[in-house]
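Colleague: Handing you a structure now.
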Amino acid sequence: MDVEEFRVRGKEMVDYICTYMTTIRSRRVTPSVEPGYLRAALPSEAPEYPESWDDVMCDVENKIMPGVTHWQHPRFHAYFPSGNAYPSILGDMLSAGIGCIGFSWAASPACTELEIIMLDWLGKYFTIGLPPAFLALEEGSKGGGVIEGSASECVLVSMLAARANAIKRLKHQFPTVDEGLLLTKLIAYCSKEAHSCVEKAAMISFVKMRILQPDENGSLRGDTLKQAMEEDEEAGLVPFFVATTLGTTACCSFDNLTEIGPVVRKFPCVWLHVDAAYAGSAFLCPEHKYHLAGVEYADSFNTNPNKLMLTNFDCSLLWVTNRYLLTSALVVDPLYLQHCYDHTAIDYRHWGVPLSRRFRSLKLWFMLRSYGITGLQKYIRRHCELAKYFEQLVKKDERFEICNQVKLGLVCFRLLGGPDETPEQVDELNKKLLTNINASGKMHMVPASVRDRYVIRFCVVYQHASREDIEIAWDIITEFATELLEGPDKERDLNEERTRRHRAALAHKRSFFVRMVSDPKIYNPAINKTPPPVPTTPGSPPAAAAPATPDTPLEARAVLPATPKQSWISWPLAFFFQSVDNDNNDLPLRFRHLDTMVRLKSPGPSGRRGSSPCPSPERRAGSPSTH
């Protein structure tokens, strides 16, 4: 393709995108295909000779589009919004055309400097409203912002920075202790409602994570965190990272930063991260800034403009109050990447996992200049107003109930069921309702677990959503609800659904892919609990903590007490195979992605110090084989 053909094909592609966006209502929301459909439609080998562009675009419509889930469809109400405004698309188009890889200032000065300015623009008080310590260009500030690929990356790099800082502090305190042993003592914290990426970050970082029970509104409270941190510190563990959430995935709840912040400050060098992936953009509106109370205690903060700020994926913003703690944990500086300004300019290659970086700040710049803060505020307020309108419609129907506090654009609801139905039967009823709606292709929603009950999430997603769109969605829901509740085969259908889901659950347990982002019920308190306490005889005193000395600071501590029912610990793989001295108990651990137990035996008297115990898989009683 030469430049002249590109001029023609580029204009045709813009026309194709515009036609797609304006006619998207005529398409089915979700595809009606089975896994592997595309493999049968495409050749088994790459083409040896060039093919015409017309043939390529014909296959796009006939083979690709039938397998696309249309996130920009007016009837798509799953997950969260996926920004797709035209100025943002043009920004990505220009970024691709320029084709720079901005890993350092020298690699593309404009790429780096525009990103610094855009993060300061959005972080300031009159936009999102972060304290000045988060801004790179504020006088005397050590902070700054960076564009990452996703909120998962933001959480991961923050945890890596916190881990490096904690290890450095402990190594200074106990210089003779190996870093590997110090690592096994670190423990992080998050709420049960936190996004699954927090636990994944702990797995990658090889640190323990304690998952805490929120209050009845899904909010993590200060007293809960304080109790857990004090228990773990007394048991010889070292708290180093706390992840909080503003606008959780399941029900858009908000952790209590004003309580959590002072608790974190009482512990040395504990990093407080705030994940506001969805809700952060709403803080552009003054009426929503009260959710930010307590953010002054945070060490890092992230939000996703690609959710509620009309900017297309990928675009996750991370701010830190001390960029040197972040970069010192991630810096690798080979000669071929150095330049004469690397001591005076920001090099974003030190701010994340990937080296190569696209010119993503262009689309933010285009969006902010095209819409202005007032235009983005209008869009956010319309989404929040439409969610409230949907909430009113649900409340008017006595067959349904609202299951969350509707603060932004997400509404959680469910059928109440009959007076003689058990909570489990009501859950099955709502599963059947959602299954029927999604299978129809008329509308798409996803479930969540709120207070251990199955609920349906309705999120206002469509960029140009109106009250008419909300009414159409509610009509679809009530139509299927009426058919389900009044149909003659309700009980038979529910039994069939229970059987199908039971079989599907067994299949999922045998695979590695069991994580459902929108359903935190996967955090099963029976999985990966802390080791059992040392058994005591009647009347015997509980195990006492051994005195800590510089020579034995982290090896001979009190046995971890029984974990309260409201929390549990996710153990990283590194700990599975770390020897545990003076432990006479077998340690049964269950991998959450397999229906398999692993029992670790401590090395015997003749075992070499530091040797790894041999894991032996075993099945739980009554569990099927996992071959």
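Colleague: With 23 Å as the limit, write out which pairs from 124/378; 168/192; 142/185; 200/407; 185/226 have Cα-Cα distances beyond it, or answer none.
Modeller: The pairs that break the limit, which is 23 Å between Cα atoms, are 168/192; 142/185; 200/407.
Colleague: I need the shape label for segment 238-335. Rule: rounded when a/c is under 1.5, else prolate if a/b > b/c, else oblate, with a, b, c from the alpha carbon gyration tensor.
Modeller: oblate
Colleague: Also: Please identify which residues in segment 85-128 have an amide N closer than 16 Å to a label point set 7 Å out from the Cα of residue 22, following the Cα→Cβ vector.
Modeller: Flagged as within label range: 86.
Colleague: Can you list the equivalent-ellipsoid semi-axes of segment 134-177, largest first and in whole Å, using the square root of 5 times each Cα gyration tensor eigenvalue?
Modeller: 27, 17, 5
Colleague: I'd like the projected area of segment 175-316, averaged over all directions, using the convex hull of its alpha carbons. Report it in nm² with one decimal.
Modeller: Mean shadow area of the hull around the Cα atoms is 9.3 nm².
Colleague: Using only Cα atoms, what is the ratio of the radius of gyration of segment 51-174 to 2.2 N^0.38 Å?
Modeller: Scaled against compact globular proteins, the figure is 1.52.
Colleague: So, with +1 on the Cβ of K and R and -1 on the Cβ of D and E, and no other charges, what is the size of the charge dipole of segment 3-84 about its Cα centre, to the nearest 20 debye?
Modeller: In debye, rounded to 20, segment 3-84 gives about 700.
Colleague: Cβ under 12 Å from residue 410's Cβ, residue 410 left aside: what net charge do those residues give with Lys, Arg +1 and Asp, Glu -1?
Modeller: Taking every other residue near residue 410 into account, the sum is +3.
Colleague: Under 8 Å for C-alpha pairs, at least 6 residues apart: give me the relative contact order for segment 133-288, rounded to a whole percent.
Modeller: Computed over segment 133-288, the figure is 21 percent.
Colleague: Also, I was wondering about something else. How long is the gain from residue 502 to residue 471 if the chain were fully straight, where each residue apart is worth 0.36 nm and the alpha carbon distance is subtracted?
Modeller: Between residue 502 and residue 471, full extension yields an extra 7.7 nm.
Colleague: Between residue 333 and residue 345, 0.36 nm times their residue separation minus their Cα-Cα distance comes to what?
Modeller: Length difference between fully extended and current span is 2.9 nm.
No lab work stands behind these numbers, since they all come straight from the coordinates. This one's a predicted model, so the numbers in the text were calculated from it and none came from an experiment. All Cβ positions, glycine included, derive from the backbone under ideal geometry; neighbour counts span all protein chains shown.
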